[in-house]
1. Under the condition of being out of contact with any His (no Cβ under 7 Å at 6 or more places or on another chain) and closer than 23 Å to residue 216 by Cβ, which residue from the range 284-303 is surrounded by the most Cβ atoms within 10 Å (Cβ to Cβ)?
2. Enumerate the pairs (first residue in the range 266-288 and without any contact (Cβ under 8 Å) to a residue 24 or more places away in the chain; second residue anywhere and open to solvent by less than 20 Å² (accessible area, probe 1.4 Å) and in a loop (DSSP other than H, G, I, E, B)) with beta-carbon separation below 6 Å, excluding pairs fewer than 6 apart on the same chain, so at least 6 apart or on different chains.
3. State yes or no: is residue 190 within 18 Å of residue 262 (Cα to Cα), aromatic (Phe, Trp, Tyr) and surrounded by 14 or more Cβ atoms within 10 Å (Cβ to Cβ)?
4. With the structure loaded, tell me whether residue 175 is in contact (Cβ under 8 Å) with a residue 24 or more places away in the chain and within 20 Å of residue 120 (Cα to Cα) or whether it fails that test.
5. Which condition from (1) among the acidic types (Asp, Glu); (2) exposed (fewer than 13 other Cβ atoms within 10 Å of the Cβ); (3) modelled with pLDDT of 50 or more is the one that residue 34 breaks?
6. Yes or no: the range 82-91 includes at least one residue that is part of a loop (DSSP other than H, G, I, E, B), open to solvent by less than 10 Å² (accessible area, probe 1.4 Å), under 18 Å from residue 40 (Cβ atoms) and not aliphatic (A, V, I, L, M).
7. Which condition from (1) surrounded by 13 or more Cβ atoms within 10 Å (Cβ to Cβ); (2) part of a strand (DSSP E or B) is the one that residue 73 breaks?
8. Inside the range 240-255, can you point out the residues that are part of a loop (DSSP other than H, G, I, E, B) and either among the hydroxyl-bearing types (Ser, Thr, Tyr) or open to solvent by 10 Å² or more (accessible area, probe 1.4 Å) (or both)?
Amino acid sequence: MNKVQPRWTGLVQILLIIIQSLFLPSATVIEAAEPPITSITFTSDGKSVLAASQAGVNIYDWPNLKRRGKLEFAFANIHDIQFSPDAQRLAIAGGNPGETGVVNVFGWQSRDTISALRQHQDSVYSIAWMNDNRRIVSVSLDRQVLLYHDSSERKVQKFAGHSKGVTAVCLLKDDTILVTAGIDQSLRVWDVSTGKMIRTLNNHTAPIHDLQYRPNHDGLPMVASISDDRTLRFWQPTIGRMVRFVKLDSIPLAVVWHPQKPIVATTTSMGNIAIVDAETAEILKQIKTNQKWIYALVVSPDGKWIVTQGEDGLQRHPFLEE
């Protein structure tokens, strides 16, 4: 099991099934394992959900989660999908491990390719759009943090400082501060205009898997991070402060904020979803799913539902009891 990048365990599981089949009687039939879902997002109208995996990007109706379409791409692994703030463009990030990292930008309505960004030398794990709907930041296992201007390769700004692969990125609400995190166990805070690193936050003691910015918040900007050290940590990156943390019973793999409340949901390697109060670090409840190693989740725009991988596509769970 690769604890540096747990998303790869889906590949390992598929390979084990193939190997086992070689040593079983010929009459034994083994069903192919579905690749794990690595990123989920809602369309801006809230009527559809997109879920990405090695098999492509499936489109589901909301709220019945009936699959109604699919987008396919040439690269082997997809790790993140993000709509631009105006919802006119869709960026899909991934690549071929150890070879190239790719960010493809499409017109959502036309499905035409606007640009294919290929400056990374390893898989791209996370992307973030800026508010101008044109600039996009990508981070990769090649240790690079890149800002593409005008969603093209004509002008690329580099942020150098991570000593190992970078797995997560978020922009603070005014787009002047960039926060990244990765396998080197650190969060790094950057000045977007100069490309210089402002500070490093080193409290995590194992690789970091995800990093999310708290939306619709008027106080100091806050982000949540999760790590192989089994902690969920809350930070105020503009002043370099870790506010609080909570130790979980297994490795957290993905985290998301409630759209209106100071509460997060995080999936774990044991197939649970932990609901945590960011102001007290109290675990409010645990939701048991029928999956293990859930690598992605999203919250419905109204904040009522959490959507994750299910046995056959997606499944939903109530976020908070009314």
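The values are calculated or read from the model by the stated rules, or taken from the named source; none is laboratory data. Please read all numbers here as calculations on a predicted model, not as lab measurements. Cβ sites come from the backbone with ideal geometry, for glycine too, and all protein chains shown count toward neighbours. Side chains are part of the model used for accessible areas, which takes the heavy atoms of the whole protein and leaves out ligands, DNA and RNA. Shrake-Rupley method; radii C 1.70, N 1.55, O 1.52, S 1.80 Å.
1. So, considering only residues that are out of contact with any His (no Cβ under 7 Å at 6 or more places or on another chain) and closer than 23 Å to residue 216 by Cβ, the one surrounded by the most Cβ atoms within 10 Å (Cβ to Cβ) is 296.
2. If the second residue must be open to solvent by less than 20 Å² (accessible area, probe 1.4 Å) and in a loop (DSSP other than H, G, I, E, B), the pairs left are 270/250; 271/289.
3. Values: within 18 Å of residue 262 (Cα to Cα): no; aromatic (Phe, Trp, Tyr): yes; surrounded by 14 or more Cβ atoms within 10 Å (Cβ to Cβ): yes.
Taking the combined requirement at face value, the residue does not satisfy it.
4. On the way: in contact (Cβ under 8 Å) with a residue 24 or more places away in the chain: yes; within 20 Å of residue 120 (Cα to Cα): no.
Judged against the criteria, residue 175 is not a match.
5. Going through the list (1) among the acidic types (Asp, Glu); (2) exposed (fewer than 13 other Cβ atoms within 10 Å of the Cβ); (3) modelled with pLDDT of 50 or more, residue 34 breaks only (2).
6. Quick first cut of the range 82-91, residues part of a loop (DSSP other than H, G, I, E, B) only: 84-88.
Okay, now just the ones that are also open to solvent by less than 10 Å² (accessible area, probe 1.4 Å), so 84.
In the following step, the residues that additionally are under 18 Å from residue 40 (Cβ atoms) were identified as 84.
Retained after the next criterion (residues that are not aliphatic (A, V, I, L, M)): 84.
Among the residues of the range 82-91, at least one is part of a loop (DSSP other than H, G, I, E, B), open to solvent by less than 10 Å² (accessible area, probe 1.4 Å), under 18 Å from residue 40 (Cβ atoms) and not aliphatic (A, V, I, L, M), which makes the answer yes.
7. Status for residue 73: all satisfied but (2).
8. Initial filter on the range 240-255 (part of a loop (DSSP other than H, G, I, E, B)): 240, 248-251.
240, 249, 250, 251, listed by residue number.
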